[in-house]
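S.K.: I'd like to ask some things about the structure below.
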Amino acid sequence: NDGQQETPVAFTALAYASDGIVYVGSNVGKVTAWDTHENSCFMQWNADSGEITKLVSRHGQLMTAGVSHRLKLWAVSGVNSLKLTGGGLSHSGSGLVMEDEMVLDGAVTCAEFDDTLDMGIVGTDAGTLWYINWSERTSIRLVSGHQNRINGVAFLPNNLMLTGGDDGSVRVWSLGTREQAIQFQVKDQACTCLTVGLADPVQTSKVPLVAGGYSDGTVRVFDVSKVEMLLKMHPHAVTVTTIAFSADGVMIMSGGSDGLIAVSSPTTGMTVRIISDHRGVAISNFDVTLTRDMDVGVSAPTLWLASSIDRRVSIWSADWAKDFCELVDWLTFPAPAVMPDGTKIIKNDSLPPTLAKFSPDEPDIVVYTGYGMEKLIQFYSLRQRKVIRTLNLTHWGLCMDVSPDSALIAVGISERLLKLMDYHAGTFQDFAGHSDGVSMARFSPDGSTLVSVSHSELFLWGVLL
């Protein structure tokens, strides 16, 4: 060789043929054929450009699949005659014919085929299951999902749901069929949060605009109806951690990991205001509400809140049409100076998140949970400027949502449970099924569906109360 270090060869896949031959794939794309009677290798060939992850053998045919995203179908009936000649190791690939080839959306991780190798199901690391039919030369996407952590979930009209994740994709799902309808893909960036614009009160079936925050500090606005990205803004120099449309749909508010809040126009793409009150600590969530004709102690038509991971919640009164926004309340919740397990807090340690929501049924109530002296959900009154009641939690919450009729509170916990609590009584029931901590829970606008997320898992629950 020319001085370059050779890649160590490792066997990565194996398939038995019915004629005493074993095919073995390797990490360098070579496939070797072995005579099980003589315990010898009599043939090898370059089947792929990368690691072979799966081999399937049926009746004189061999399918190879690997990290190159390629499926290849080989006719290997002539290989048996090569074995009988006993002519030593063949490097020529004689006796082989590649009959067909397909390219999928990711490295192949699993595959199962029928007895004739005509039809099968193939899975990829892009989170997709494909139906493969070699005789018809077709590949059909059956099931698609996120291969990495899901960071955002939102509901759309027409029984649609939106998800975004670390793989950079924003996906639109049909809740009726449980199938993916649309996918927007951004390369090399994670979609860290999602929000949906104001629904049209007249055309209720019209799909509103969608906005996503990304790990590079950008905000992208999508039109699902036209399946296109309308706008890309760059209001942050750091990761966008949370995002929300204003209640009137005029502005997009985005929070960064540095604590800065940007208020941007989805029509012009301009950032019109930077709010630095939470500077230095990541923004954990936003919530917005219409306060028109409601007595909550402020006169502006909308209220919105921002919470940061240092257990602070700022509440703002806004009228974006008049370029008006002012702070009306600032909440700070105490917490011990140690981790939940009693150890000293070290910089970059992960504490339970700070989460705050406006109560849909009680317009002056802010529902709060976060790390503190006790495991609690607290109800803060804007009119009385104090916590008026609490509910006890058994575990620290990782996520929280309040049902539209304020009957239930959903809390996800690290013990892989989804906890449903009675909003008033505090009684609860735990629901199992997830394989990791439940990091997100969202009620649908009509309250009939609850979605919960654990890493790349997404569960849909029917709410029967």
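The values are calculated or read from the model by the stated rules, or taken from the named source; none is laboratory data. Note that the coordinates shown come from a computational prediction; the quantities given were computed from them, not determined experimentally. With ideal geometry, Cβ positions are generated from the backbone for all residues, glycine too; neighbour counts draw on all protein chains shown.
S.K.: Find all pairs meeting these conditions: Cβ atoms under 9 angstrom apart; at least six residues apart or on different chains; first residue within the range 379-395 and more than 17 Å from THR332 (Cβ to Cβ); second residue in a loop (DSSP other than H, G, I, E, B) and among the polar types (S, T, N, Q).
M.R.: If the second residue must be in a loop (DSSP other than H, G, I, E, B) and among the polar types (S, T, N, Q), the pairs left are HIS395/SER414.
S.K.: May I pose another question? How many residues, within the range 229-247, are surrounded by fewer than 20 Cβ atoms within 10 Å (Cβ to Cβ) and either assigned to a strand (DSSP E or B) or modelled with pLDDT under 95 (or both)?
M.R.: Looking only at that region, the number is 4.
S.K.: A follow-up question, please. Just need a number here: residues in the range 48-71 that are assigned to a strand (DSSP E or B) and crowded, with 19+ Cβ neighbours inside 10 Å.
M.R.: Taking the range 48-71 as the starting set, the residues that turn out to be assigned to a strand (DSSP E or B) are 52-58, 61-66, 70-71.
Applying the additional criterion that residues be crowded, with 19+ Cβ neighbours inside 10 Å yields 52-57, 61-66, 71.
Summing the residues that are assigned to a strand (DSSP E or B) and crowded, with 19+ Cβ neighbours inside 10 Å in the range 48-71 gives 13.
Every residue, every condition in (1) among the aromatic types (Phe, Trp, Tyr); (2) farther than 15 Å from ARG442 by Cβ, yes or no:
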{"residue": "LEU175", "(1), (2)": "no, no"}
{"residue": "LYS187", "(1), (2)": "no, yes"}
{"residue": "THR192", "(1), (2)": "no, yes"}
{"residue": "ASP216", "(1), (2)": "no, yes"}
{"residue": "PHE222", "(1), (2)": "yes, yes"}
{"residue": "VAL227", "(1), (2)": "no, yes"}
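S.K.: Under 16 Å from LYS54 (Cβ atoms), free of Cβ contacts under 8 Å to residues at least 60 places away in the same chain and not in a strand (DSSP E or B): is that true of ALA126 in this structure?
M.R.: Working: under 16 Å from LYS54 (Cβ atoms): yes; free of Cβ contacts under 8 Å to residues at least 60 places away in the same chain: yes; not in a strand (DSSP E or B): yes.
The answer is yes for ALA126.
S.K.: If we keep just the residues of the range 403-454 that are among the polar types (S, T, N, Q) and outside any strand (DSSP E or B), which is modelled with the lowest pLDDT? Break it down into steps so the answer makes sense when it comes.
M.R.: Within the range 403-454, the first condition is being among the polar types (S, T, N, Q), and the residues that meet it are 403, 406, 414, 427, 429, 435, 439, 444, 448-449, 452, 454.
From the residues that got through so far, the ones that are outside any strand (DSSP E or B) too are 403, 406, 414, 427, 435, 439, 444, 448.
On the way: SER403: 94, SER406: 79, SER414: 93, THR427: 93, SER435: 91, SER439: 95, SER444: 93, SER448: 92.
Within the range 403-454, the match that is modelled with the lowest pLDDT is SER406.
S.K.: Residues in the range 180-190: is at least one out of contact with any His (no Cβ under 8 Å at 6 or more places or on another chain), within 17 Å of VAL288 (Cβ to Cβ) and touching a residue at least 12 places away in the same chain (Cβ under 8 Å)? If you could, list the steps in order and put the result at the bottom.
M.R.: The first filter runs over the range 180-190 and keeps only residues out of contact with any His (no Cβ under 8 Å at 6 or more places or on another chain), leaving 180-190.
Going one step further and asking which of them are within 17 Å of VAL288 (Cβ to Cβ), we end up with none.
So far as the range 180-190 goes, no, none of its residues is out of contact with any His (no Cβ under 8 Å at 6 or more places or on another chain), within 17 Å of VAL288 (Cβ to Cβ) and touching a residue at least 12 places away in the same chain (Cβ under 8 Å).
S.K.: If I filter the range 125-158 down to residues being β-branched (Val, Ile, Thr) and closer than 16 Å to ALA190 by Cα, which single residue comes out as surrounded by the most Cβ atoms within 10 Å (Cβ to Cβ)? Lay out the reasoning, then the answer.
M.R.: Taking the range 125-158 first, the residues β-branched (Val, Ile, Thr) are 128, 132, 138, 140, 143, 150, 153.
Restricting the remaining residues to those that are closer than 16 Å to ALA190 by Cα gives 150, 153.
Details: ILE150: 25, VAL153: 21.
So the residue we want is ILE150.
S.K.: While we're here: Tell me, yes or no, whether the range 183-190 has at least one residue that is among the basic types (Lys, Arg), over 20 Å from TRP316 (Cα atoms) and at pLDDT 95 or above. Give the steps one after another, and end with the answer.
M.R.: Initially, the range 183-190 is screened for residues among the basic types (Lys, Arg), giving 187.
Next, only the ones that are over 20 Å from TRP316 (Cα atoms) stay: 187.
Narrowing the set further to residues that are at pLDDT 95 or above leaves none.
No, the range 183-190 contains no residue that is among the basic types (Lys, Arg), over 20 Å from TRP316 (Cα atoms) and at pLDDT 95 or above.
S.K.: Continuing with the same structure: Those residues that are among the β-branched types (Val, Ile, Thr) and out of contact with any Phe, Trp or Tyr (no Cβ under 8 Å at 6 or more places or on another chain), I need them from the range 38-68; list them, please. Outline the logic, then answer.
M.R.: Going residue by residue through the range 38-68, those that are among the β-branched types (Val, Ile, Thr) are 52-53, 56, 64, 67.
Residues satisfying the conditions are ILE52, THR53, VAL67.
S.K.: In addition: (1) closer than 20 Å to ILE182 by Cβ; (2) surrounded by fewer than 20 Cβ atoms within 10 Å (Cβ to Cβ); (3) touching a strand residue (DSSP E or B) at 6+ places or on another chain (Cβ under 7 Å): which one isn't true of SER225, the others all being true?
M.R.: Only one criterion is unmet by SER225, namely (3).
S.K.: So, one more: If you take the residues of the range 1-44 that are at positive phi and surrounded by 13 or more Cβ atoms within 10 Å (Cβ to Cβ), which of them is modelled with the lowest pLDDT?
M.R.: Going through the qualifying residues, I end up with GLY20.
S.K.: Condition test on SER406, is it touching a Pro at 6+ places or on another chain (Cβ under 6 Å) and either surrounded by fewer than 16 Cβ atoms within 10 Å (Cβ to Cβ) or hydroxyl-bearing (Ser, Thr, Tyr) (or both)?
M.R.: Yes, satisfied.
S.K.: A follow-up question, please. Being within 25 Å of LYS386 (Cα to Cα) and either surrounded by 10 or more Cβ atoms within 10 Å (Cβ to Cβ) or of a type in the set (S, T, N, Q) (or both) is the filter here, so list the residues in the range 322-348 that pass it.
M.R.: Of all residues in the range 322-348, those within 25 Å of LYS386 (Cα to Cα) come to 325-337.
Scanning the range 322-348 gives CYS325, GLU326, LEU327, VAL328, ASP329, TRP330, LEU331, THR332, PHE333, ALA335, PRO336.
S.K.: Tell me, which strands (runs of 3 or more DSSP E) wholly within the range 337-401 include 1 or more residues that are among the small types (Gly, Ala, Ser) and within 30 Å of the chain's Cα centre (by Cα)?
M.R.: Working: elements: 355-358, 365-369, 376-381, 386-392.
By residue number, 355-358.
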